[in-house]
Amino acid sequence: MPISPSPSRDWAVELHRGGQIAEAMAAYRALLTGDPDSPDLLGLLGVASEQLGDLDEAERLLQLSLRDRTSAPLAYRNLNNLLGLMIESGRLEEAKALAQEHLPGAWPLDRQPDDIETGTIISLVSALKDVGLADEALAIGIPLLSLIGTDVDFALLMAELLHDAGRRDEATKLLDHDFGPGEDLPNLHAVRA
């Protein structure tokens, strides 16, 4: 698919999702000429750079995307992507410091996360736990229980965090409801112990 003379964000994302990473990157760059500080476009270009193996450029772009945290969903996505990159490269202490510096505000509770955003939230809470920021992970996760608490992965993650924080009754209560047909909850003994 050729590069459009004036690409739209949706078109660029469609290229990206379709595996046309280099074409998507060209479209993101073209869009950035009109909005060079866009945390959305910088974050998307950072992910695309990572997918093509340019980890230094990916990190640079994701760092730039964190300057503007006015949109909590974008801040969650961009911080999650950057933490993932740093954790994969074994830079846990650096990731921890970066997370502390760029911790996003609360998710807007009037906005139900879609499936991709739910995955991002779960991944971010898990990354914060992995770098030793369990209290921050709980602070982000607990308010979201009302929105995505029926997601099995999120419930298990939050129950583990609550259990580790000595809040075993809350962990048990979180897991004591119907998650829907066919949803098994593994490792309940560890959480309930």
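Summary of values
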{"read-out": "Overall dimensions of segment 10-122 as given by Cα atoms, namely Rg and Dmax in Å", "value": "13.7, 37"}
{"read-out": "Probe 1.4 Å, all protein chains present, accessible-area order of ILE21, ILE87, largest first", "value": "ILE87, ILE21"}
{"read-out": "Per-residue SASA entry for SER71, accessible area with 1.4 Å probe, Å² rounded to 10", "value": "40"}
{"read-out": "Mean projected area (nm²) of the alpha-carbon convex hull when the chain is viewed from all directions", "value": "12.2"}
{"read-out": "DSSP loop trypsin sites (Lys or Arg not before Pro) with at most 12 other Cβ within 10 Å: longest gap in the chain", "value": "112-193"}
{"read-out": "Heavy-atom accessible area ranking, 1.4 Å probe, most first, across GLU117, GLU136", "value": "GLU136, GLU117"}
{"read-out": "Whole-number percent relative contact order across the chain, with pairs defined as alpha carbons under 8 Å at least 6 apart", "value": "12"}
{"read-out": "Rounded to the nearest 10 Å², the accessible area of VAL47 at probe 1.4 Å", "value": "30"}
{"read-out": "Computed [θ] at 222 nm, deg cm²/dmol, the chain (DSSP H ≥ 4; -39,500 (n - 2.57); rounded to nearest 500)", "value": "-21000 deg cm²/dmol"}
{"read-out": "Accessible surface, per residue, of the chain when the full set of protein chains is kept, probe 1.4 Å, Å²", "value": "51"}
{"read-out": "Rounded to the nearest 10 Å², the accessible area of THR172 at probe 1.4 Å", "value": "40"}
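The values are calculated or read from the model by the stated rules, or taken from the named source; none is laboratory data. These figures come from a predicted structure and were not determined experimentally. We place every Cβ from the backbone using ideal geometry, glycine too, and count neighbours over all the protein chains shown. Surface areas here come from the heavy atoms of the whole protein model, side chains and all, with no ligands, DNA or RNA. Shrake-Rupley method; radii C 1.70, N 1.55, O 1.52, S 1.80 Å.
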